[in-house]
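Enquirer: Below you'll find the structure I mean.
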Amino acid sequence: MNNDFQLDLSQLPQELRVMLSLLTCDGHLSPLEQARMVNIDWDLFMKLAMHHRVYPDLYRKMKMMKVPWVPSHVLDALRKHYQKNAFQMLHLSAEMELLSKEMAGGGIPSIVLKGPVLAADLYGDVSLRTSRDLDILVPFQDLDRVDGLLRRMHYEKIECPLMVLGDWKWRHHHITYFHAGKQATVEIHWRLGPGPAKEPSFQELWERKRLSSITSSPVYYLGKEDLFAFLAIHGSRHGWSRLRWLVDMDQMVKQKLDAAELIQAFHRYGNLHIAAQALLLTSQLLRTSLPPELYALTDGKRPRQLAKDALFYLRQMVNLHTDPVPVDVSIYHKRHLFSLMSTSNKVWFILSFMYPYPEDVETLALPKFAQFLYFPLRPFLWAWRRTRKQTVTT
């Protein structure tokens, strides 16, 4: 095993490197780390803290350390965001418990994927992790019943894949609902991630679920190894563009994971290189101490290249969640997503282009009885759209 590999972090903003030092310190900074803090751009530091969603932990550590050269307005701003997030997480906790209780009452099994249960499990305190919404996994066959339940609770569907063709069942993985009165957003998942990638069935995940200890009514969340796999795949799919996801991985490694079961699961679904990428990034950026079985995964050309590729997102504060995404970032991200796929997933992904898209329906509306024609017509409809796009741009 080659232990000499090091990621080149010199191109990361100094403010981000200071942030990494603060997130990984045990209450003391080295003289070099202290020197870096003296002349940094604190406005940029705050922007990075907000972008990477790590401001709750930063505030806790910076307050504890009482570093004299940190401007008071920076600590005040961090405190206000920390307090606001604490209230948000308490609000989400109540809504999470209510939704889980309503679904259970309707005979619908549900698994909360992130949100307050993840914060409590990894950090022991819901206020130390941010969450914008709730992500709840349900069996695919229960989607219509969940939709009816949410509508009765005054949730409205705000983001939904076009359902003219059946591709939405495997190309997409969630539908988003919003409650205007409560200002609450809920993503209802029927898959952990977009297809055509293979993943565990709901029943498998349900058999390994855990019961959260932060609510009086039962709220279930993923088992340890399933949660590690979900977080690793989710983070990699987003280029690890937010440090919060890597901090989550750091916290996960500190739990007693069944390394053999974890490796076997990643092998089964062709994602071992994704686990290795996550472990390599967290060990080098956050100084995570890896057990020998997991450390061995990071020794290889592919994980190291994938880890290097992820630095692209950290160097320039990439935000993949707000449109429009810059063209160069979009092109890079599509290539990165393809590089993450296993060989079999790449084959299925390429073959999936032959399956009609909603854009084909928008290009040529056909009655339901004739929609089978979208399959032979797809190459021509794609060529037509491309020709028109080139004509408009020229």
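Each value in this text was obtained by applying a stated rule to the coordinates, not by laboratory testing. These numbers were taken from a predicted model, which means no experiment stands behind them. Heads up, the Cβs are rebuilt from the backbone with ideal geometry, glycines too, and the neighbour counts pull from every protein chain shown.
Enquirer: For the chain, return all DSSP H helices satisfying: extent of Cα atoms along own axis at least 18 Å; mean Kyte-Doolittle hydropathy at least 0.5.
Expert: Helix filter hits for the chain: 272-285.
Enquirer: Then there's this: List the lysines whose Cα sits under 16 Å from the Cα of Lys61, skipping any in the same chain fewer than 8 residues away.
Expert: Of all the lysines, those that pass the test against Lys61 - Cα under 16 Å, at least 8 places apart if same chain - are Lys80.
Enquirer: Same structure again: Within the range 23-126, which chymotrypsin sites (Phe, Trp or Tyr not before Pro) sit in a loop by DSSP and count at most 15 neighbouring Cβ atoms inside 10 Å?
Expert: Trp69
Enquirer: Under a 10 Å cutoff between Cα atoms, tell me which one of Leu337, Leu286, Leu262 has the largest fluctuation in the Gaussian network model of the chain.
Expert: Per the Cα network of the chain with a 10 Å cutoff, Leu337 tops the list.
Enquirer: Would you be so kind as to identify which of Ser339, Pro376, Met317 lies farthest towards the positive end of the dipole of the range 302-394, taking Lys and Arg as +1 and Asp and Glu as -1 on Cβ and the Cα centre as origin?
Expert: It is Ser339.
Enquirer: Just to be sure I understand the model, the point goes 7 Å from the Cα along the line to the Cβ. What's the resulting Lys301 to Glu261 distance in nm?
Expert: Using points 7 Å along Cα→Cβ, the separation is 3.5 nm.
Enquirer: Going by Cα centres, the range 109-156 and the range 238-299 are how many Å apart?
Expert: If you average the Cα positions of each part, the centres end up 24 Å apart.
Enquirer: For the chain, what's the relative contact order in percent, using C-alpha pairs closer than 8 Å and at least 6 residues apart?
Expert: 14
Enquirer: Under 10 Å, Cα contacts only: if you run a Gaussian network model on the chain, which one of Pro196, Pro56, Pro292 comes out with the highest mean-square fluctuation?
Expert: Pro292
Enquirer: For the range 100-238, just say rounded, prolate or oblate: build the C-alpha gyration tensor, square-root its eigenvalues into a ≥ b ≥ c, call rounded for a/c under 1.5, and beyond that prolate if a/b exceeds b/c, oblate if not.
Expert: Because its axes are fairly even, with a/c under 1.5, the range 100-238 counts as rounded.
Enquirer: Here is a follow-up. What are the extents of the Cα atoms of the range 97-139 along their three principal axes, listed from largest to smallest and rounded to whole Å?
Expert: 32, 15, 14
Enquirer: Moving on. Taking only the alpha carbons of the chain, what extent do you get along each of the three principal axes, in Å, biggest first?
Expert: Largest first, the chain extends 72, 52, 46 Å along its Cα principal axes.
Enquirer: Picking from Thr282, Thr298, Thr176, which is most flexible by a Gaussian network model of the chain using Cα springs under 10 Å?
Expert: Top of the fluctuation ranking is Thr176.
Enquirer: Say R0 is 25 Å: what FRET efficiency, to the nearest 0.05, do Val67 and Asp125 get from their beta-carbon distance?
Expert: E between Val67 and Asp125, to the nearest 0.05, is 0.70.
Enquirer: Here is a further query. Please report the antiparallel percentage of DSSP beta bridges with both residues in the chain, rounded to the nearest 5.
Expert: Just about 70 percent of them are antiparallel.
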